[in-house]
Amino acid sequence: MSRIVYVNGRYLPEHEASVSIFDRGFLFADAIYEVSAVINGKLIDVGAHLARLERSCREIKLELTWSGDELIAIHEELIERNGLVDGGIYLQVTRGAADRNFTFPAQRKPTLVMFTQARSIARKVSRGYTLKSVPDLRWARRDIKSTALLAQVLAKQAAAEAGCDEALMHEDGVVTEGGSSTIWIVKGRSIISRPLSAKVLAGITRQAVLTYVEETGFTFEERAFTLQEALDADEVIITAATAMVMPATEIDGHPIGDGQPGPVALRLRDIYFDLAERGGALG
Ligand code: PLP
């Protein structure tokens with residue numbers, strides 16, 4: 001079945017949708033994106049995703065010409081037209097099409113593309129993710145959700161070739177993030193995740209989990225941690241709009257803890273799904 005996608009004000013069958021070869025998203029990755037989860041037909045934490053979109057656009061001086069309400073309406077319309085139950089919505093805004101020139105075009109006419117991706121999402125997990133550690137090769141502004149994702153493409157491909165589910169990126173032995181996820185560790189009575197900075201993307205799922213993390217009875221500790229600490233952790237946890245909350249049970253072939261999905265990860269995942277019924281912790 002062909003999807004109905006959104007391109008610059010029009011809803012079209014995917015094979016009829018296109019953008020110019022001069023689009024700056026294509027030529028320069030001069031573009032920002034967002035991915036919001038959909039569970040049981042409901043958008044999760046969409047307000048927070050749109051707030052991050054606005055921030056990313058502001059940081060690269062890309063003027064968004066759609067209001068938050070308009071963007072939410074397009075999300076809802078795509079869910080409706082595609083009968084989406086579980087999966088996500090991808091949104092990409094670019095600085096538009098103009099003859100190739102590095103500096104911004106005089107005429108500001110952004111391109112907006114959105115489409116649905118259906119995926120089966122199960123509340124219960126039968127096994128944890130396996131991770132492959134790779135050096136983080138990204139640029140200095142990882143807080144901007146840019147479509148320049150070549151480093152992550154290579155990281156995740158290396159993970160896939162090693163038979164792993166996700167890459168664990170590190171800089172000189174200090175963990176930054178997953179290939180497309182936030183990484184947390186559990187040690188003793190602490191749940192640890194690194195502070196926000198230009199070195200990492202401010203995960204919306206991270207923000208959501210922080211609103212209820214202490215319901216586990218563990219204490220949140222915001223600090224950087226090393227790859228060795230992750231290997232020695234009681235649990236490693238992944239969060240992202242695509243993975244929700246997932247236990248990770250192996251790094252580079254070494255089991256984490258007893259090698260089984262851990263109780264903290266499973267509890268946080270349960271709470272995530274409980275809150276999904278009302279649009280997520282952040283709404
Ligand atoms: N970090 C990186 C590098 C990502 O690409 C993503 C998601 O794509 C995340 C973290 C998690 O962010 P979110 O929870 O908003 O999906």
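The values are calculated or read from the model by the stated rules, or taken from the named source; none is laboratory data. None of the values given here were measured: they were computed from a predicted structure. Cβ sites come from the backbone with ideal geometry, for glycine too, and all protein chains shown count toward neighbours. Note: accessible area is taken over every heavy atom of the protein model, side chains too, but ligands, DNA and RNA are not part of it. Shrake-Rupley method; radii C 1.70, N 1.55, O 1.52, S 1.80 Å.
Cβ-Cβ contacts under 7 Å between residues 6 or more apart (or on different chains), taken from a first residue in the range 193-213 that is of a type in the set (Gly, Ala, Ser) to a second residue that is open to solvent by 40 Å² or more (accessible area, probe 1.4 Å), are listed as 193/222; 198/140; 198/141; 202/196; 208/282.
For residue 104, the criteria (1) at pLDDT 95 or above; (2) over 25 Å from residue 50 (Cβ atoms); (3) open to solvent by 20 Å² or more (accessible area, probe 1.4 Å) hold in every case but one, which is (2). For the range 1-30, residues that are closer than 16 Å to residue 84 by Cβ, of a type in the set (Val, Ile, Thr) and open to solvent by less than 30 Å² (accessible area, probe 1.4 Å) total 1. Just one of the listed residues (50, 43) is open to solvent by 10 Å² or more (accessible area, probe 1.4 Å) and out of contact with any strand residue (DSSP E or B) (no Cβ under 6 Å at 6 or more places or on another chain), namely 50. A single entry from 37, 51, 29 fulfils the requirement of being at positive phi and within 16 Å of the ligand (Cβ to nearest atom): 29.
For the structure I just gave you, tell me whether residue 86 is open to solvent by less than 60 Å² (accessible area, probe 1.4 Å) and within 14 Å of the ligand (Cβ to nearest atom). Answer is no for this residue. The set of residues in the range 163-172 being more than 9 Å from the ligand (Cβ to nearest atom) and under 17 Å from the mean Cα position of the chain (by Cα) consists of 165, 166, 167, 168. Each residue in the range 173-199 was checked for being open to solvent by 10 Å² or more (accessible area, probe 1.4 Å), of a type outside the set (Gly, Ala, Ser) and near the ligand (Cβ under 9 Å from one of its atoms), and 2 pass.
Condition first: within 14 Å of the ligand (Cβ to nearest atom), more than 29 Å from residue 28 (Cα to Cα) and either out of contact with any Gly (no Cβ under 7 Å at 6 or more places or on another chain) or without any contact (Cβ under 8 Å) to a residue 60 or more places away in the chain (or both). Can you find one or more residues in the range 130-145 that meet it? Yes, the range 130-145 has at least one match.
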